[in-house]
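Worksheet: the structure to be examined is printed underneath.
No lab work stands behind these numbers, since they all come straight from the coordinates. Treat the numbers as computed from the prediction; the structure is a model and nothing was measured. FYI the Cβ positions are ideal-geometry reconstructions off the backbone, even for glycines, and counts take in every protein chain you see.
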Amino acid sequence: MASSGELRLGLLPGLDGTGRLFLPLLETLPATFDVQVLHYPPDRPLSYLELLEHVFCGWPLLMVISSTEN
């Protein structure tokens, strides 16, 4: 949970579902960010509605950044 003065930042993975592409970003972000990298379940496909529920279940996010691999 973000404390006073921290910005909560949720990072959504690309199609691989791992969020590993955010590693360089995570190394450079200042401590004022409360960062959470979301991972999609690897054992089953999710519909768009299920993805939405998975992402926002209990996450009062202020900012969302997503990645994709080309």
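Summary table below
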item: Distant-in-sequence amide H partners of Val35 (H built 1.01 Å from N, under 5 Å); result: Leu9
item: Inter-label distance, nm, simple model (7 Å from Cα along the C-beta direction), Leu21/Leu51; result: 1.2 nm
